[in-house]
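Here is the structure we will look at, set down as structure tokens.
Taken together, the values in this text are just the output of simple stated rules run on the coordinates, not laboratory data. Only a predicted model underlies this, so the values are computations on that prediction, with no experimental measurement involved. Cβ placement follows ideal geometry from the backbone for every residue including glycine, while neighbour counts extend to all protein chains displayed.
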Amino acid sequence: MSADDNGLLAEQIAYYRAGAAEYDRPYARYEELRRLLTLVDGLPVGGDVLELACGTGQWTALLAERAHSVTAVDMSDEVLAIARTRTPFSHVRFVQADVFEWRPSRSYDTVFFAFWLSHVPPARLPGFWDGIATMLAPGGRAVFVDDGPPMAAYEEGVEEGPVPTVLRRLDDGSSYRIVKVFHAADTLTADLTARGWTADVRLLGRNIVGVARPTTQ
């Protein structure tokens, strides 16, 4: 992968580590985001669940209510510390690891990720989806939620290009440029289909919600 990708991803990790205490504010501020959390009950989430980039565990506790087990992975110890206090379930296991590099020793019925796909550089998407396919048990599904194109209007410093980015600021005045790809539902569905997946990706308000399964299963 390119040095530009590596540099941006390092800055992205630094942003989420430094901003762990501020991470949950949008959930408190925006009713639309809180309503999005209720989607879990209507999604095909169940069995043994792998959650990638779990953040502070906003979604982890909801997944745990529906799952036989949950393995929640994130790069940042800072956000995982918050997630652990929010999700005191014995069938939930937290793993600190680089989501791009980590590979589980087992497969899962559901691989879930919320607001993570938009942080994956476009050049890494083929490898990302190939990796997801290896993590799924036969009949398993990838289920995801993310920002749709309408959310670009609410970001600062949006820059297009081979690796789209936005600018994020923290309370201490520091600023970080992070990867942010606002996937259109129809384009993402077509891309996944071309990669050998069966996918249903829909725009819901300003967000996208998707369910996808490798056709080779």
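Numbers below:
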item	result
Per residue, the convex hull volume that the Cα atoms of region 130-182 enclose (Å³)	133
Projected label distance in nm at E101 and I13, using a 7 Å step from Cα toward the beta-carbon	0.6
Rel. contact order, % - alpha carbon contacts under 8 angstrom, at least six apart, the chain	18
DSSP beta bridge pairing in the chain, given as percent antiparallel to the nearest 5	50
Phi to ³J(HN,Hα) by Karplus 6.51 cos²θ - 1.76 cosθ + 1.60 over region 130-137, Hz, x for Gly, Pro	4, x, 4, 4, 6, 7, 8, 6
3J(HN,Hα) from dihedral phi, region 18-32, Karplus parametrisation 6.51/-1.76/1.60, rounded to Hz, x for glycine, proline	5, x, 4, 5, 9, 4, 7, 4, x, 5, 7, 8, 10, 4, 4
Bridge type composition, region 71-178 - antiparallel percent by DSSP, nearest 5	40
Long-range amide H partners of V95 with built H, under 5 Å	A72, V73, D74
Where labels lie 7 Å past Cα in the beta-carbon direction, separation of A190 and E160 in nm	1.5
Kirkwood-Stokes translational diffusion coefficient of region 65-120, alpha-carbon pairs, 10 °C, 1.306 mPa s, µm²/s	127
Mean-position separation - Cα centroids, region 173-217 and region 1-72, in angstrom	15
Among L36, G131, A67 the positive-end extreme of the charge dipole of region 3-183 (Cβ point charges)	A67
GluC sites (Glu not before Pro) restricted to region 155-217 and DSSP loop, no more than 11 other C-beta within 10 Å	E160
Under-5 Å amide H pairs with L204, H placed in peptide plane, nonlocal only	V209
Radius, Kirkwood style, for region 134-217 when every pair of distinct Cα atoms is counted (Å)	14.5
Per-residue [θ]222 nm for the chain (sum of -39500 (n - 2.57) over DSSP H runs n ≥ 4, rounded to 500)	-8500 deg cm²/dmol
Where GluC sites (Glu not before Pro) fall in DSSP loop in region 51-151, at most 15 other Cβ within 10 Å	E101
Within region 12-52, chymotrypsin sites (Phe, Trp or Tyr not before Pro) in DSSP loop having at most 15 other beta-carbon neighbours inside 10 Å	Y30
Given charges at beta-carbon only (K, R positive; D, E negative), |dipole| of the chain in Debye	520
